[in-house]
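Accompanying notes for the structure given below.
The values are calculated or read from the model by the stated rules, or taken from the named source; none is laboratory data. This is a predicted model, so every value here is computed, not measured. Virtual Cβ from ideal backbone geometry, glycine too; neighbours counted across all protein chains shown. Ligands, DNA and RNA are stripped out before the accessible areas are found, and what is left, the full protein with its side chains, is counted by its heavy atoms. Shrake-Rupley method; radii C 1.70, N 1.55, O 1.52, S 1.80 Å.
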Amino acid sequence: MNFDLNKSIQILERTPSVFNALFGGMDSNWHTINEGPRTWSAYDIVGHLIHGEQTDWIPRAKIILGDATDKTFMPFDRFAQEKLSKGKSMEDLLEEFTSLRESSLDQLKLMNITAQDLEKKGVHPDLGEVTL
């Protein structure tokens, strides 16, 4: 299958509504169920996605597409949501994720990514050289 950005955007656009359908308006006990220490609940996952919207995929795309010679990404804190989500309700997180995803998609569409852009490289702190 060849990569098609417009098809990917279709999935990315729907992700917030899927989480809203699953967890919006539900008893908060459902949001915090996990499988034990260092496993994630739905609440953790939505918080993680928020952190990714803020610091990961669009910022990394901008690094790859930018003119700077250093294309190294900042490390991503996979557990940042533990602090960033503290005190927020699932409804708060769902609203924030929806808003951030909309903004990210607006930015993505403005990038006008070409097939050549998809071959540009960045440097992941753990994985080494990566493409979009």
(request) Filter the GluC sites (Glu not before Pro) in region 34-132 down to the DSSP loop ones having no more than 16 other Cβ atoms within 10 Å, then list what survives. (result) 35
(message) Along the charge dipole of the chain, pointing to its positive end and built from +1/-1 on Cβ of Lys, Arg, Asp and Glu, which listed residue (40, 57, 89) has its Cα farthest out?
(response) 57
(request) Could you list the chymotrypsin sites (Phe, Trp or Tyr not before Pro) in region 62-132 that lie in coil according to DSSP, counting only those with at most 15 other Cβ atoms within 10 Å of their Cβ? (result) 79
(request) Taking the chain as the reference, fit the longest principal axis to its C-alpha atoms, fit the long axis of helix 42-55 to the helix C-alpha atoms, and give the angle between the two in degrees, 0 to 90, nearest 10. (result) 30
(request) Quick one: net charge around residue 84, please, counting Lys, Arg +1 and Asp, Glu -1 for every other residue with C-beta under 14 Å from its C-beta. (result) -3
(message) I'd like the accessible area for residue 106: 1.4 Å probe, protein heavy atoms, all chains in place, Å² to the nearest 10.
(response) 90
(request) Grab the Cα-Cα distance for residue 21 and residue 91, subtract it from 0.36 nm times how many residues apart they are, and report the gain in nm with one decimal. (result) 24.1 nm
(request) Per residue of region 2-14, in order, report the coupling 6.51 cos²θ - 1.76 cosθ + 1.60 (Karplus, θ = phi - 60°) as ³J(HN,Hα) in whole Hz, putting x for Gly and Pro. (result) 7, 5, 10, 4, 5, 5, 5, 4, 4, 6, 4, 5, 8
(message) Given the whole protein assembly as supplied and a 1.4 Å probe, what does the accessible area of residue 18 come to in Å², nearest 10?
(response) 80
(request) For n ≥ 4 DSSP H runs only, could you compute -39500 (n - 2.57) per run for the chain, divide by its residues and tell me the 222 nm figure to the nearest 500? (result) -16500 deg cm²/dmol
(message) Which one, 20, 112, 29, has the greatest fluctuation when you compute a Gaussian network model over the chain with C-alpha springs under 10 angstrom?
(response) 29
(request) At most 11 other Cβ atoms within 10 Å and a DSSP loop assignment: could you name the trypsin sites (Lys or Arg not before Pro) in region 1-68 that fit? (result) 38
(message) At 1.4 Å probe size, with the rest of the protein present, what percent of the exposed accessible area of the chain is carbon and sulfur atoms?
(response) 54
(message) What is the distance in Å between the Cα centroid of region 31-53 and that of region 105-132?
(response) 26
(message) Using each residue's phi in region 69-86, evaluate 6.51 cos²θ - 1.76 cosθ + 1.60 at θ = phi - 60° and report the 3J(HN,Hα) Karplus result to the nearest Hz, with x for Gly and Pro.
(response) 6, 8, 9, 7, 7, 6, x, 9, 7, 5, 10, 4, 4, 4, 8, 5, 8, 3
